[in-house]
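Working notes, structure below.
The values are calculated or read from the model by the stated rules, or taken from the named source; none is laboratory data. Small disclaimer: the values here were computed from a predicted structure and weren't measured. As a convention, Cβ positions derive from the backbone with ideal geometry for all residues, glycine included, and neighbour counts pool all protein chains shown.
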Amino acid sequence: MKEFNKELSDDIALLKALHAKKDKSEFNAFKDELMNKHSISKATLYREMRKDMPGTYKVPNYNPPKMDITIEEALMVRELLLQGRQNQEIMKIMTRELGIHYYWDRFDSARKIAEELDESVYDPNRSYFPERSNMFFEKLMGMEFMAEESYKEFEIDGRKLRVTKKTMEMLKVYLMRDNPISGESQVNRFLQNEVTFHAEMEEGIRRKLYQMHKTGEMPSAYALKSIMETKQIVERRESAIMRARKKLIEERQKLEEDRRIQEELEREGQKRKQKRKQR
C-alpha cells in the first residue's frame, strides 16, 4: 500500500481553491505544473481532486469474495429507480440494506437484470425490500422505500396476506395518535384525528356500497343521495389527506430521531459523570 502523499495533498488543496475562482487561468497553469511535478496524468489529477482526502490510497483487494445478484436484489434496485431516486443515493441505500459496499458495476448489473426480467416471474406491484429498515415503524414493516402503489406480503399461520403501503401508513398514523410523544404540535395531533376520521369515513362508504352490491337492496333515494355526496366529499379530500399523512409520518420520524440523539447525549453525560466520580 502506498503511503500518504502529504505534498500532493497540499498541492491539490491549493488547486481546489484556484478552481473555485471565476478566472481559471491560474488553475490551468497550476494544474499543468502539478502534472509535471508529480508525474501524473490529467485523469489521475482529477481523481485526486474528487477525493475527500487527496494523497491517500485504499488497500487493494485483488480477490474480493463474490456475491451473486439475486432477483430480489435486482427488484429492490428497480423499485428505487421507479421512485426516481438518483444512482448514488440508490447505491448508498443498497449498501445499508445488504451490508456490503454497493459499487457502480454491481448497481449497473442489477439494473440490467431487472430490465430483462419477465413480469411472469415476479409481481411488479409488490415491494421486495426486506423487513429490516431502520426508521420508525419501518424497522417492523420494511416500508421506507416502497413505491406508492406497492404492497408487502406477510405470512401468518401459513397464509400469505397482502398489505398496501397506504394501509401501513394508516397503521402508523393510528399508532402515532395512540402514542403521542413530547415535542409534537397541536396541529399534528389535529391532523392525526382528521386523517383517521377520513379513513373511517372511506371504509364506511366502501362497506355500504359493497352491501348494496351483495344484497341487491337499494336504500331510499335520500339515503343513496347522502352516501354518494359523502363519497364525493371523501374523494375530493383524498389528495389533501395523503399530503397530511406523509407530513405526519415525516415529522414523527424527525422527532423520533431527535429524541434518540438526545437520549444518546444524556447517556454520554451520565458516563462522564460516573468517570469523574471514580477519579
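Assorted remarks:
- Extreme residue, surrounded by the fewest Cβ atoms within 10 Å (Cβ to Cβ), among residues of the range 155-191 that are among the aliphatic types (A, V, I, L, M) and more than 23 Å from Lys254 (Cβ to Cβ): Ile156
- Extreme residue, farthest from Pro54 (Cα to Cα), among residues of the range 15-29 that are in a helix (DSSP H, G or I) and out of contact with any Leu (no Cβ under 6 Å at 6 or more places or on another chain): Ser25
- Verdict on Lys247 being closer than 30 Å to Phe190 by Cβ and of a type outside the set (Ser, Thr, Tyr): yes
- Considering the conditions (1) outside any loop (DSSP other than H, G, I, E, B); (2) out of contact with any Leu (no Cβ under 8 Å at 6 or more places or on another chain); (3) at pLDDT below 80, Glu148 is excluded by exactly one of them, (1).
- Within the range 204-221, the set of residues being surrounded by 11 or more Cβ atoms within 10 Å (Cβ to Cβ) and assigned to a helix (DSSP H, G or I) comprises Gly204, Ile205, Arg206, Lys208, Leu209, Gln211, Met212.
- Filtered residues of the range 24-41 (kept if more than 18 Å from Ser9 (Cβ to Cβ) and either β-branched (Val, Ile, Thr) or at pLDDT below 85 (or both)): Lys24
- On inspection, Gln232 qualifies as surrounded by fewer than 12 Cβ atoms within 10 Å (Cβ to Cβ) and assigned to a helix (DSSP H, G or I).
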